[in-house]
Amino acid sequence: MRDPYTVLGVPRNADEKAIKSAYRKLAKAFHPDQNQDDPTAQAKFAEASGAYELLTDKDKRAQFDRGEIDASGQPNYAGFNPGAGRARQGAGPGAAFSAEDVLKEFMSGLSGQQRRPRGPQPGGAQWDPFIGTMGGSAARASAKGDDIAVVATASLEDANAAASVQVRMPSGKVLAVKLPEKVEDGQQIRLKGQGNASPMGGDPGDALVTVRFERHKLFRRDGLDLRVDVPITLYEAVLGAKVRVPTLDGSVELNLPAGIDTVKSLRLKGKGLYGQGDLFVNLKIKLPDTGDADLESLMRFWRDSKPYKVRD
């Protein structure tokens, strides 16, 4: 991953407010739902999310600023001097220091330690190139693979029920991810061991899954509240009726009184997201798709004999 400050476009002394503001702009610009024709948008969105996660974690940010971890949150290798490695190779100060150079440092023994030959040693032990340089076998475990960032899309129904959603990893592998209770749009889930394999034989990295809510074909979300449009006929509005209204938990029956005022929304308490929000029903009178001579005649009679005002 790139430097998180560079990714978000903020200075190294940026406060949390500036970091959050920068992330929101990038999230809005690269949100997959808004860039379905751009195959690079999801990667840019995931990169921004990863940078935001690191810089808003005080401990991780401090470790990164001190050079203890890299931009993906993994520990930097300790015990060697990259500059010294370049000097031995006769490289100038601007030369690149590759992963191969790092591996050579390990295998040659760090801090002047002399390598011992492989094979059985007194007491039955075998020489390990990592022993004495980075704390023995624990060094292998510290060389984790890289984390990867992916996006999981969830319907409002899935989020409401804390269901499992499928996530396709960069490798093509498909995982079933259980959503947390009352998950929030933009929340991250860490899947241990589902990242990239370690080149040093250590533990694999993790997968950082950012949850994004799908745009619903019926409901509009306003925090925990939901809004939905329900069509009714002219005679249902005049005479009253029982109509079925969709909710996240299935349809419910709603009694409409005669002469219902369709300007005001009807509120169904506790039928919003997670049972904490409410559902607001907007009634929309729908006339027949084709003209009706009898209805037109009735409306002309009504207009001429019983006019009323609805506007000033």
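Can you tell which of SER251, SER265 is outside the structural domain of ALA162 (by TED's automatic domain parsing), of a type in the set (S, T, N, Q), surrounded by 10 or more Cβ atoms within 10 Å (Cβ to Cβ) and over 23 Å from GLU214 (Cβ atoms)?
Criteria check complete, one pass: SER265.
Restricting to region 223-233, and then to whatever is outside any loop (DSSP other than H, G, I, E, B) and free of Cβ contacts under 8 Å to residues at least 60 places away in the same chain, can you tell me which residue is farthest from ALA159 (Cα to Cα)?
Out of the qualifying residues, it is ILE232.
Take the conditions touching a residue at least 24 places away in the same chain (Cβ under 8 Å) and either part of a loop (DSSP other than H, G, I, E, B) or not polar (S, T, N, Q) (or both) and apply them to ALA176. Does it pass?
So ALA176 does not fit the description; no.
Select from region 28-83 the residues that are in a loop (DSSP other than H, G, I, E, B) and of a type in the set (Phe, Trp, Tyr) and write down the one among them that is modelled with the lowest pLDDT.
Of everything passing the filter in region 28-83, PHE80 is modelled with the lowest pLDDT.
Please verify whether LEU239 is over 30 Å from ASN76 (Cα atoms), buried (at least 16 other Cβ atoms within 10 Å of the Cβ) and in the same structural domain as GLY270 (by TED's automatic domain parsing), treating the condition exactly as stated.
Here the answer is no, as LEU239 does not meet what is asked.
Contact list please: Cβ distance under 8 Å, first residue in region 200-222 and within 25 Å of ASP249 (Cα to Cα), second residue assigned to a strand (DSSP E or B) and of a type in the set (Phe, Trp, Tyr), pairs at least six apart or on different chains.
ARG221/PHE213
The values are calculated or read from the model by the stated rules, or taken from the named source; none is laboratory data. For clarity, every value in this text was computed on a predicted model and none was experimentally measured. Please note: Cβ atoms are built from the backbone with ideal geometry, for glycine as well, and neighbour counts cover all protein chains shown.
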